[in-house]
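Notes for the one structure printed next.
The values are calculated or read from the model by the stated rules, or taken from the named source; none is laboratory data. Computed from a prediction, not measured in an experiment: that's the story for all the values here. We place every Cβ from the backbone using ideal geometry, glycine too, and count neighbours over all the protein chains shown. Side chains included, ligands, DNA and RNA excluded: accessible areas come from the protein's heavy atoms. Shrake-Rupley method; radii C 1.70, N 1.55, O 1.52, S 1.80 Å.
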Amino acid sequence: MPENNSVKIQLNGKECIFLKNASVLDAILFLKPASEYVAAELNEKILEKSSFESIKLKNGDILEIIQPLGSGCR
């Protein structure tokens, strides 16, 4: 029986499938954020930016990526 080479997660409220061994950073890059400044929450735990590449996604993970919105006064 062939090994399943994917993981199914919930990313910002939508079901997504990534290759096995995909990291939080891979999911962030998938979203193509407008800014390099993002925050990530995995299974209700805020992650340190330095850990984005080392944390691997697992089936059933719930990942929320938050990006700042630009706004200002004139």
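Here are the numbers:
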quantity	calculated
Length-normalised contact order for the chain - Cα pairs under 8 Å, 6+ apart - percent	40 percent
Rounded percent of accessible protein surface that carbon and sulfur make up, the chain, 1.4 Å probe	53 percent
Phi-based couplings in Hz for the range 23-35 (Karplus 6.51, -1.76, 1.60; Gly and Pro marked x)	9, 4, 4, 4, 5, 5, 5, 4, 6, 6, x, 6, 9
Cα centroid of the range 29-69 to Cα centroid of the range 8-27, whole Å	10 Å
Mean accessible surface per residue for the chain, computed with a 1.4 Å probe while every protein chain stays in place, in Å²	78 Å²
Whole-number D in µm²/s for the chain (Stokes-Einstein; Kirkwood sum over Cα pairs; 25 °C, 0.890 mPa s)	187 µm²/s
Estimated distance in nm for a label pair at Glu64 and Lys45, the labels positioned 7 Å out from Cα along Cα-to-Cβ	1.6 nm
Dipole magnitude of the chain, debye to nearest 20 (Cβ charges: Lys/Arg +1, Asp/Glu -1, about Cα centre)	160 debye
Loop-resident sites, the range 11-74, for GluC sites (Glu not before Pro), counting at most 11 other Cβ within 10 Å (DSSP)	Glu36, Glu44, Glu48
